[in-house]
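Bear in mind these aren't lab numbers, they're just calculated from the coordinates by the rules spelled out. Here the structure is a predicted model, which means the values were calculated and not measured. No Cβ is skipped: glycine too gets one built from the backbone with ideal geometry, and neighbour counts run over all protein chains shown.
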Amino acid sequence: MSGKAYYEPGTNGVERLPTELQMFYASPLLMRSAHWHAQVEVNFIVRGWAHYRMSGHAITFQQGDLALFWGGLPHLLDDGSDDLIYAGGHLPLLHFFRLRLPPNVQSQLMQGATLVTRATDAADPLNFERWNDYARSGDPMKGDMAVEELLLRIERVRFDPFTLYPEPAGAGACAEAADHHASPIVVRICEFIADNFREDIDSADIAGAADVHPKYAMNVFKKSTGMTLNDYVNLMRLSYAQALLMRNEANVLQVAMDSGFGSLSAFNKSFRRIAGMSPSDFRRDVRGRPMAPVQMQQLAGSPLA
């Protein structure tokens, strides 16, 4: 892309809204540096092509590609065609955990894989444009419909050919592209947290999995993601808890325990701080909306209660 303007990560507030669906349908700006956000990113290339540098691999999305990747690992849109238009959204983890995807796909995505399918059709550009309009309308019902329709569209991926990158032969192909944002230490930390956030883990456990000193693990993670280890673990737990609370049989105390919080008081405090309401208020709110049936998918090694 030949334009002079660049996107400056952290200036538009997206990274500070981890529990809200953010949709887009636009010609994007290239990025000066990698950015990070605590949602799963969905990209649909309406026109042109886009090149990303991810943690551990580089990838080019072509017109008609539908891609899914975990935004919690730093990524960088560093090139694209002059006519590039892409659509998609930043999908909160509470909705990501609801997706009925093939076994192990969720855990692979959260550990840095990128899912790409070319099985798209003429309806996708129109749908993404509508979902973007609905999500930005300010109408709660339209916002809910955007979420539910987007989830159903993503779930259809399981019925068509798709590829998870990097493939075995391509792993590590982007080693030179990695800076401190793409540190292997941060990748190992994210992998460990994704597999173990429901357990009683602390900075020593996380650092041990990355084979570094706890203080160093905390410093490098903070520099790379803008979050502390504790905040990141709590965000994972909260998002998982929100997905559980959307089930009719959910019990708040049991949800707190199943999500990895050590006590109900800690759960309530974290929930209010991040979601802006109590767990009970959240459950009452979502139960009052028309929702699609929820089928929880487990992360590898994390059986549902």
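Pull up all non-local amide H partners of Q39: gap of 5 or more, or a different chain, and H-to-H distance under 5 Å with H placed in the peptide plane.
G71, G72
Give me the distance in nm between label points sitting 7 Å out from Cα along the Cα-to-Cβ direction at R284 and E199, one decimal.
Label-label distance for R284 and E199, simple model: 3.7 nm.
Using θ = phi - 60° and the Karplus form 6.51 cos²θ - 1.76 cosθ + 1.60, what ³J(HN,Hα) does each residue of segment 265-270 get, whole Hz, x for Gly and Pro?
In residue order, the calculated couplings are 5, 5, 4, 4, 5, 5 Hz.
Using a Förster radius of 45 Å, what is the FRET efficiency between R156 and D211 based on their Cβ-Cβ separation? Nearest 0.05, please. Mind dumping the intermediate values first?
Values: r = 40 Å, r/R0 = 0.89.
For R156 and D211, the calculated efficiency is 0.65.
If you look at just the Cα atoms of segment 1-146, how large are its Rg and its Dmax in Å?
Computed over the Cα atoms of segment 1-146, radius of gyration and Dmax are 14.6, 43 Å.
At 7 Å along the Cα-to-beta-carbon direction for both R100 and W49, put a label point, then send me their distance in nm to one decimal.
Distance between label points: 3.6 nm.
Hey, can you grab everything whose amide H is under 5 Å from the amide H of Y7? Only 5+ residues off in sequence or another chain; H modelled, so Pro and N-termini drop out.
Close amide H contacts, sequence-distant or interchain: L30, M31, R32.
Measuring from centroid to centroid over Cα atoms, what is the spacing of segment 237-272 and segment 55-75 in Å?
Rounded to whole Å, the Cα centres lie 31 Å apart.
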